[in-house]
Amino acid sequence: MNTLTSFLSVNRPCDDALDWLSQSLSRKGLRVLRTFDLHDARGALDHCPCPHHGTNQCDCQMVVLLVYRNAEEPVTLNLHGNDGQTWLSIVNNPLQHAAPSIQSSIEQALQLHPSE
């Protein structure tokens with residue numbers, strides 16, 4: 001069962017979206033730990049479907065974050081970006097349950113529910 005669904009798309013390159021996201025979550029009292037960065041991991045890999053891969057125009061990126069608040073289990077947040085667009089997804093499945101309180105705080109920090 002695939003339960004990784006994008007809940008937000010932003011018109012920013014992934015690295016810019018990551019900076020915005022980190023600042024927004026920090027203002028809500030959430031801590032962010034980067035556990036994976038595609039730019040760091042791919043190093044010398046040559047196989048990528050991006051038509052600009054290997055050039056300065058390539059902006060393919062994937063970042064995996066753990067988002068913490070207090071002593072609660074962290075929520076895993078994935079950012080996937082290319083062509084100046086970034087999609088955010090929260091991992092929520094039977095093996096890795098996303099705490100509703102942290103998920104709600106993430107959504108509020110990103111103003112997905114401005115009335116709250």
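Values quoted throughout were computed directly from the atomic coordinates according to the rules given, and no laboratory measurement underlies them. All values derive from a computational prediction rather than experimental measurement. Every residue, glycine among them, receives a Cβ derived from its backbone with ideal geometry; neighbour counts consider all protein chains shown.
What the table shows:
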quantity: Net +/- balance of residues flanking LEU25 in space, Cβ distance below 13 Å, scoring K and R +1, D and E -1; calculated: +3
quantity: Contour excess over end-to-end distance, with Cα ends at GLN23 and ASN93 and 0.36 nm allotted per residue; calculated: 22.5 nm
quantity: Förster radius 25 Å - calculated FRET efficiency between ARG34 and LEU8 (Cβ-Cβ, nearest 0.05); calculated: 0.85
quantity: Net +/- balance of residues flanking PRO13 in space, Cβ distance below 13 Å, scoring K and R +1, D and E -1; calculated: -4
